[in-house]
Structures are given as C-alpha cells and as structure tokens.
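Q: Take a look at the following structure, please.
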Amino acid sequence: SLPSHLKPLEVNMRDSSREPAAPRSEQASLNRSILGKLLPMLPSTLTSLSVTDTRHVSDTCISQLPLGLRFLRLVHFTGKGASLGFTSAGLKNLPKGLTNLQLSLNSDVDASAFFPFLPRFLDTLDFNRLERIKDSDFADLPRTLTNLALSPAKDLTDQCIALLPLSVTEFTCKGSTHFTPQLLKLLPPRLDRLDIRSTRNFPKSTRATLPP
C-alpha cells in the first residue's frame with residue numbers, strides 16, 4: 001500500500017523492462033489494469049499527480065482521483081493501439097480544488113462540453129491535442145486563470161482573445177493561423193507573454209509591438 005501521508009506522486013506507465021514487448025492489445029490492457037488498480041489506492045492527502053505514457057484514461061479513472069488534488073498531469077500514450085474511454089462528461093468529476101491541469105490526450109473532447117466544468121479556481125490550463133474548440137468556448141473559462149496554453153486549436157480567431165479572463169498573464173495557441181493585428185486591441189490588461197506561433201497575417205511593423 002502507499003504511504004498514507006503521500007502528497008506528490010509521479011507514475012510512468014511505460015514498460016522499461018528488456019523483455020520482448022507484448023502485443024499492443026495486451027499492453028493496452030495491462031496499462032488499463034494497472035491504472036485502474038492504482039487510483040483507488042491513492043491516499044486522500046495526495047495533492048499532486050502526474051501520470052505519463054498511460055494508454056487508457058477513462059471516465060472511471062477521473063472519478064477515482066483524490067479530491068484534494070491541486071496539480072494533475074495526464075499524458076497519453078501516442079502510438080498505435082492507444083485507446084481512450086475518456087469523454088467530455090467524465091470531466092465533470094475532476095477534483096474541484098485543482099489549480100493546475102495539464103492534459104495531453106488522444107481524445108475527442110469538445111471544449112464546449114468541457115470548459116463549463118473546469119474547477120472554478122484553476123490557475124493553469126495546458127491542453128495539448130485539443131481540436132474541437134471555438135472562440136465562444138472561452139466565455140466558460142474560470143475567471144481565475146493566469147496561464148492558458150492550447151494546441152492545436154486551429155479554428156480560434158481574434159474573437160477568443162476578447163473572452164479571455166482578465167487575470168490571464170500568459171496565453172499560448174500553437175495551431176491557429178487566423179489571428180490578425182486586431183487582437184492587439186483585445187489583449188487582457190495583465191498579459192505579458194503571448195505565443196501564437198503564426199503571425200503570417202501581421203505586417204512586420206506590427207510584429208515588433210507584440211508582447212515577448
């Protein structure tokens with residue numbers, strides 16, 4: 001059993017043994033079984049959890065997370081054979097006290113079904129591989145956010161900037177090519193770091209005025 005006073009925990013689900021690799025279907029089942037057995041064993045004192053290379057993060061897994069978590073990082077296996085039983089509905093069961101949430105998942109999560117159920121005191125949201133998101137979804141972001149990173153989020157435009165919480169100081173969007181110089185008029189007052197990667201719609205004179 002795990003120590004009852006445990007606070008941080010990092011788990012890498014990758015098999016590092018030198019034995020011949022099991023078939024992918026068996027590997028996925030193994031990881032699903034290990035994660036399913038691990039979560040109910042986690043002590044209620046746990047405040048930080050990082051799980052990497054897991055092949056299956058299900059809605060049941062989300063519901064079994066310790067309620068006292070403040071930091072949660074889930075990185076999904078990216079190779080062939082990866083499966084996912086994780087849905088937008090399952091995110092309603094995220095621990096309410098989370099302040100830092102980092103997700104890199106093979107998922108079909110729709111931001112419109114996800115953002116309204118984010119913990120209300122979230123400070124940092126980093127969601128990699130988020131495809132289904134539109135500008136209006138930003139209205140449902142927690143107003144306490146200071147750091148927001150989304151990728152690829154290819155459909156976002158300047159209009160999402162107007163809906164950012166006023167508390168945001170860092171914003172990263174790695175996939176959209178729709179941003180224009182108009183966004184400079186919409187930036188939150190505290191923003192001091194902007195990484196939109198693509199400024200192809202910006203004249204050179206405007207690029208020089210962007211935050212670092």
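The values are calculated or read from the model by the stated rules, or taken from the named source; none is laboratory data. In this text the structure is predicted, and so the values were computed from the model without any measurement. Glycine also receives a Cβ, built like all others from the backbone with ideal geometry; neighbour counts cover every protein chain displayed. We work out accessible area using only protein heavy atoms, side chains counted, and drop any ligands, DNA or RNA first. Shrake-Rupley method; radii C 1.70, N 1.55, O 1.52, S 1.80 Å.
Q: Kindly list, by first and then second residue, each pair from a residue in segment 162-179 that is in contact (Cβ under 8 Å) with a residue 24 or more places away in the chain and assigned to a strand (DSSP E or B) to a residue that is open to solvent by less than 20 Å² (accessible area, probe 1.4 Å) and of a type in the set (Val, Ile, Thr), limited to pairs with Cβ atoms under 6 Å and residues at least 6 apart or on different chains.
A: Taking only residues 6 or more apart or on different chains, the pairs are Cys173/Ile196.
Q: Take the residues in segment 162-187 that are in contact with a strand residue (DSSP E or B) (Cβ under 8 Å, 6 or more places away or on another chain) and of a type in the set (A, V, I, L, M), then tell me which one is most open to solvent (accessible area, probe 1.4 Å).
A: By that ranking, first place goes to Leu187.
Q: Taking the conditions exactly as written (crowded, with 18+ Cβ neighbours inside 10 Å, modelled with pLDDT under 95, assigned to a loop (DSSP other than H, G, I, E, B) and hydroxyl-bearing (Ser, Thr, Tyr)), does Ser151 satisfy them or not?
A: Details: crowded, with 18+ Cβ neighbours inside 10 Å: yes; modelled with pLDDT under 95: yes; assigned to a loop (DSSP other than H, G, I, E, B): no; hydroxyl-bearing (Ser, Thr, Tyr): yes.
So Ser151 does not fit the description; no.
Q: So how many residues does segment 130-148 have that are part of a strand (DSSP E or B) and either touching a Cys at 6+ places or on another chain (Cβ under 8 Å) or surrounded by fewer than 18 Cβ atoms within 10 Å (Cβ to Cβ) (or both)?
A: The number of residues fulfilling the criteria is 2.
Residue-by-condition table, conditions (1) within 14 Å of Leu125 (Cα to Cα); (2) at pLDDT 80 or above; (3) surrounded by fewer than 18 Cβ atoms within 10 Å (Cβ to Cβ):
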{"residue": "Asp53", "(1), (2), (3)": "no, no, yes"}
{"residue": "Asp59", "(1), (2), (3)": "no, yes, yes"}
{"residue": "Gly79", "(1), (2), (3)": "no, no, yes"}
{"residue": "Ser88", "(1), (2), (3)": "no, no, no"}
{"residue": "Leu103", "(1), (2), (3)": "yes, yes, no"}
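Q: Has segment 145-157 got at least one residue that is over 25 Å from Thr87 (Cα atoms) and either of a type in the set (Asp, Glu) or more than 17 Å from the chain's Cα centre (by Cα) (or both)? Lay out the reasoning, then the answer.
A: Of all residues in segment 145-157, those over 25 Å from Thr87 (Cα atoms) come to 146, 157.
From what is left, the residues that are either of a type in the set (Asp, Glu) or more than 17 Å from the chain's Cα centre (by Cα) (or both) are 157.
Yes, segment 145-157 contains a residue that is over 25 Å from Thr87 (Cα atoms) and either of a type in the set (Asp, Glu) or more than 17 Å from the chain's Cα centre (by Cα) (or both).
Q: Here's something else I'd like to know. So, Pro188, is that one in contact with a Leu (Cβ under 6 Å, 6 or more places away or on another chain) and either of a type in the set (S, T, N, Q) or at pLDDT 90 or above (or both) or not? Steps first, answer last, please.
A: Values: in contact with a Leu (Cβ under 6 Å, 6 or more places away or on another chain): yes; either of a type in the set (S, T, N, Q) or at pLDDT 90 or above (or both): yes.
Yes; evaluated as a whole, the condition is true for this residue.
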